[in-house]
1. Check Phe51 against each of (1) open to solvent by less than 50 Å² (accessible area, probe 1.4 Å); (2) under 19 Å from Arg128 (Cα atoms); (3) not aliphatic (A, V, I, L, M) and name the one condition it does not meet.
2. Just need a number here: residues in the stretch 17-29 that are farther than 17 Å from Ala81 by Cβ and either open to solvent by less than 10 Å² (accessible area, probe 1.4 Å) or not in a helix (DSSP H, G or I) (or both).
3. Only one residue in Arg95, Arg33, Arg69 is of a type in the set (D, E, K, R), modelled with pLDDT under 80 and surrounded by fewer than 19 Cβ atoms within 10 Å (Cβ to Cβ). Which one?
4. Is one or more of the residues making up the stretch 133-146 at pLDDT below 85, among the hydrophobic types (A, V, I, L, M, F, W, C) and open to solvent by 50 Å² or more (accessible area, probe 1.4 Å)?
5. Could you grab me the full set of residues in the stretch 148-176 that are closer than 15 Å to Ala80 by Cβ, open to solvent by less than 30 Å² (accessible area, probe 1.4 Å) and modelled with pLDDT of 70 or more?
6. Looking at the stretch 30-40, can you tell me whether even one residue there is part of a helix (DSSP H, G or I) and under 16 Å from the mean Cα position of the chain (by Cα)?
7. Being at pLDDT 65 or above and surrounded by 13 or more Cβ atoms within 10 Å (Cβ to Cβ) is the filter here, so list the residues in the stretch 177-191 that pass it.
8. Take the conditions within 26 Å of Leu13 (Cβ to Cβ), open to solvent by 60 Å² or more (accessible area, probe 1.4 Å), modelled with pLDDT of 85 or more and in a helix (DSSP H, G or I) and apply them to Phe102. Does it pass?
Amino acid sequence: MDAFLVSTGIVALAEIGDKTQLLAFLLAARFRRPLPIVFGIFAATIANHAFAAAVGALVSELLGPNVMRWVLGLSFLGMAAWIMVPDEIDEEETRLARHGVFLTTLIAFFIAEMGDKTQVATVALAARYESMAAVIAGTTLGMMLANVPAVYFGERIANRVPVKLVHGIAAVVFAVLGIATLLGAGEGLGF
């Protein structure tokens, strides 16, 4: 249950103001058809985060517990710093409109999520926790918690959410996880 809850919370916080959330705002404004956009986000997130979790699990198997502890601890600290860097959306990620709303969202989200903060967080979380399914479910729920309101309420909530505060909270969570991991808090889990 920890893997699911931590994954959900971290990704939901990390996604606020992220480029994929900006993409959700843009797609919602452009197409004004929220349901296919939400389904596209969901499908892209499942596919992308399943891949990321598989990479995290593989890394965890290949590295010994001592090396893994340092890799994870430093990764979480790196994520704490990276989350404070604001994201921007690429024009190219939104030029797929000829494929229909669902497919455009699916492709654009999958591409935008490659190498993104939440994908990197998913790799680290899957390496940290044994239950890959719980990590995928949690990170997917976190993405949906952050992006579905963006699709449905867009501009009305964009100006009311203190993005810097949310990013600061997420950075603190990542930093605490990184320090705890480096200090051996995961020894009972094999790191």
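1. (1)
2. Within the stretch 17-29, residues that are farther than 17 Å from Ala81 by Cβ and either open to solvent by less than 10 Å² (accessible area, probe 1.4 Å) or not in a helix (DSSP H, G or I) (or both) number 4.
3. Arg95
4. No, the stretch 133-146 contains no residue that is at pLDDT below 85, among the hydrophobic types (A, V, I, L, M, F, W, C) and open to solvent by 50 Å² or more (accessible area, probe 1.4 Å).
5. Passing the criteria: Gly168, Ala171, Phe174, Ala175.
6. yes
7. At the first step, the residues of the stretch 177-191 found to be at pLDDT 65 or above are 177-185.
Answer for the stretch 177-191, where residues must be at pLDDT 65 or above and surrounded by 13 or more Cβ atoms within 10 Å (Cβ to Cβ): Leu177, Gly178, Ile179, Ala180, Thr181, Leu182, Ala185.
8. no
The values are calculated or read from the model by the stated rules, or taken from the named source; none is laboratory data. Bear in mind the structure is a predicted one, so any value in this text is a computation, not a measurement. Please note: Cβ atoms are built from the backbone with ideal geometry, for glycine as well, and neighbour counts cover all protein chains shown. Heavy atoms of the whole protein, side chains included, go into the accessibility calculation; ligands, DNA and RNA do not. Shrake-Rupley method; radii C 1.70, N 1.55, O 1.52, S 1.80 Å.
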